Amino acid sequence: MCAAPAPIRVLVADDHSLLREGIIALLAGDGGIEIIGQAANGAEAVERFISLRPDVTLMDLQMPVMGGHEAMLAIRAVEPNARVLVLTTYKGDARIARALGAGACGYLLKCAIRLNLADAIARVHAGHRYIPAEVAAEMANYFGSDNLSGRELEVLRLVADGNSNREVGVRLAIKEETVKAHVSAVLSKLGARDRTHATTIALRRGILTLS
């Protein structure tokens, strides 16, 4: 008789204790998964990963001290083959792309945890990517669209903070006419009607994040 495979050892990183407890309760009856540790922020996630070496790490993106994106980069620097599954409420395409670029193997929305978490963990552990249809669709909506340049992103951040074109120019040490040109380019690339609309689109897509 063949021995049962060892359970998948999982680390849960999220700043909301209720969510962590909910995940533990949800997976308690799954003999193929074992929760071996928890972390309440990105820095703790890195520390727990180094000490516990989980098979799969569940990673929230928005956490204090260190965010999930930075934590993934730190974990992958320690272990390039680390398997990280992002759990988040956000599905903006830019946010998804950043997470995958940082080394995430999967991207699961928190609203789908109850039905899909165990399957997502198993797939990621097996070496596959886990990208749900709605997440893939969000990325496909903007595939091939023009990305903002570094300077355009700087201008957009300052505009979103309520700065006028002149104030943006002073902050960046560029002419006001140059700021206007960058703003026009941002509006065009984002398909925005005005500066406020551009900020709204950028937040929804994850190009800008709330601090």
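The values are calculated or read from the model by the stated rules, or taken from the named source; none is laboratory data. Predicted, not measured: the structure shown is a model, and the values here were computed from it. Positions of Cβ are generated from backbone atoms using ideal geometry, with glycine treated the same way; all protein chains shown enter the neighbour counts. Accessible surface areas use protein heavy atoms only, side chains included; no ligands, DNA or RNA. Shrake-Rupley method; radii C 1.70, N 1.55, O 1.52, S 1.80 Å.
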For this session: Kindly identify segment 1-50 as rounded, prolate or oblate by the Cα gyration tensor criterion: order the square roots of the eigenvalues as a ≥ b ≥ c, call it rounded if a/c is under 1.5, otherwise compare a/b with b/c, prolate if a/b is larger, else oblate.
Result: oblate
For this session: Any chance you could look up the accessible area of residue 30 with a 1.4 Å probe, heavy atoms only, rounded to 10 Å²?
Result: 50
Seminar exercise, completed: For segment 62-203, the percent of accessible surface on carbon and sulfur atoms (probe 1.4 angstrom, ligands and nucleic acids excluded) is 51
Exercise. Which listed residue (169, 150, 191) has the Cα farthest towards the positive end of the charge dipole for segment 148-211, taking +1 on Lys and Arg C-beta and -1 on Asp and Glu C-beta about the Cα centre?
Worked result: 191
For this session: Calculate the radius of gyration of the Cα atoms of segment 54-110 to one decimal place, then report Dmax, the largest Cα-Cα distance, as a whole number, both in Å.
Result: 10.2, 28
For this session: Please give the per residue accessible area of the chain, computed with a probe of 1.4 Å over protein heavy atoms only, in Å².
Result: 52
Exercise. What longest region of the chain stays clear of trypsin sites (Lys or Arg not before Pro) that DSSP places outside H, G, I, E and B and that have at most 16 other Cβ atoms within 10 Å?
Worked result: 1-128
For this session: Evaluate the charge dipole of the chain about its Cα centre and quote only its size in Debye, nearest 20, assuming +1 on the Cβ of each Lys and Arg and -1 on the Cβ of each Asp and Glu.
Result: 440
For this session: Evaluate the relative contact order of the chain (contact order divided by residue number), counting alpha-carbon pairs under 8 angstrom at least 6 apart; express in whole percent.
Result: 15
Exercise. In the full protein assembly as shown, how much of residue 16 is accessible to a 1.4 Å probe, in Å² to the nearest 10?
Worked result: 110
Seminar exercise, completed: Env charge @ residue 7, Cβ radius under 12 Å, K,R +1 / D,E -1, value -2
Problem set entry | Calculated SAXS-style log₁₀ I(q)/I(0) at q = 0.07, 0.08, 0.10, 0.12 Å⁻¹ - the chain, Debye, Cα scatterers | -0.27, -0.34, -0.51, -0.68
For this session: For segment 82-137, give the magnitude of the charge dipole about the Cα centre (Cβ charges: +1 Lys/Arg, -1 Asp/Glu; no others), in debye to the nearest 20.
Result: 120
